[in-house]
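Note sheet for the following structure.
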Amino acid sequence: MPANEVPDASTPDSPVPMTHREVLETLSGLLLGMFVAILSSTVVSNALPRIVADLEGTESGYTWIVTATLLATTISTPIWGKLADLTSKKRLVQVALGIFTVSSMIAGLAQNMETLIAMRVFQGIGAGGLTALSQVILASIVSPRERGRYSGYLGATFALGTVAGPLIGGAITEHLSWRWCFYVGVPFAIAAAVVLQKTLHLPTIKRPVRIDYLGAMTIAGGVSLLLVWVSLAGHQFDWASWETAVMVPGGIALLALTVLVESRASEPIIPLRLFENRTVVLASLASLFVGVGLFASTIFLGQYFQLARGDSPMMAGVMTTPLILGLFVTSTVSGRAVTRTGRWKVWLVAGAATLTVGLLLMSRVGWDTTYWLVAPAMLVVGAGTGMMMQNLVVAVQNEVSGPDLGAASSFVAFTRTMGGAFGVSALGALLGHRVEEHTTEGLAAAGIHPPEGHGGRSIPSLDQLPAPMRPIVQAAYGDGIAEIFLAGAPFAFFALVLCLLIRERALRETTS
């Protein structure tokens, strides 16, 4: 072994596996970093109506505060994953934390929507690194058979960040300022960097780094064009317009070019040989469809509780607890069950079926539906997501090893985030359109003329609306968001079909 390499406990040269305590020590900083990544998205969810109103934004601005982060995370995830196959994973995590910390501080100082959205892009880049690298590093130190147990911890951390974010963000928005929603993650990021420096010990791999810049550019360009089109079509321009004629073929052409570039690159961002594996393809597609349901649930529930039910930002966070409880319990239980039995497909199928049912149940809620009917529906959505999210990653990691492990792990996260980004953009555009229609119809039926400057595309402040208008606007948001969940249900069903087609393979007992 060369002098500049550190032996890995999982390699043949050092056959003694890491103990449970050693794995937890190694993962402690990663879990904290992942918590930071999740917090960056969820902490603003209940503050969004206040942020957009403060910065004089519109419905599209509301969507783009979320979409900008998801887009950056989507694009950067496979790049981080490939870099993890080529260079120091520890250094990459520290860089990701640095990007996140600086961009968060600047976002808190933003005086306009443009600056805020730009910083949300950089937050997404940092979060993409933290999300991808946590999966890659876990795969490099724990065998697939044991990985389900620790993937459950990642799922539990995701759940904790998801439930803590809206609560923290709601409390901060209510009692301080929404700007502190961006500052609050900074101490956690610094703490994660300190813990990682002390606990993360991985082999130092010396390989020539050949970054596939052209592949990164074509992936970023293709995904960005299509996402911008989905977000703005029907609002900034017509669906049938010259913008559509440019963006859609342009995005498809860039993604097609990506295939050509990746087939010739010496170190492709997404190795095309991954697509020769049936499980990798089916699990990645299922992950894409799960992303639609997952992000739609977490993002639009904030609007439902604040704009349809009239709850405060902090109370909106409290109200979403059943969703997170379901995710927390099933991700932990399923992870332990996978490690104990080695069976993972049953959890994917059950999770996809449960998620489909949950989204259909949520499509039945209205602005005046009793909370005790909404809560079980949210619990079912969370339970379905928890059974699928990490186990899809385990299924893929069980199929690959060696130099493709980072790329394969990050590709699953890439598809999930891409599904979320497209889902939030498309469903957000649909929501704006439906709310505008429902509001117009409701006002006309009541014989009310809206005040000057009122429009369905702006985020309303319920407290400032005339009393006769308030229930109409609340009903419009309640009906519109229910329709969003109904639109998301077919995607969960597609994930179910894909999971049924996956062939289960016994989990490997080694990391390579």
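Read-outs throughout are calculated quantities, based only on the coordinates presented, and are distinct from any laboratory measurement. Given the structure is predicted, the values throughout are model-derived calculations rather than measurements. Note: ideal-geometry Cβ built from the backbone for every residue, glycine included; neighbour counts use all protein chains shown.
Take the Cβ atoms of T199 and I448, set R0 to 51 Å, and the FRET efficiency comes out at 0.25.
Ranking of D311, D368 by neighbouring Cβ atoms within 10 Å, starting from the fewest: D368, D311. Computed FRET efficiency, Cβ-Cβ of A240 and R505, R0 35 Å: what is it to the nearest 0.05? That pair, A240 with R505, gives E of 0.15. Comparing Cα centroids, segment 254-311 and segment 345-383 end up 22 angstrom apart.
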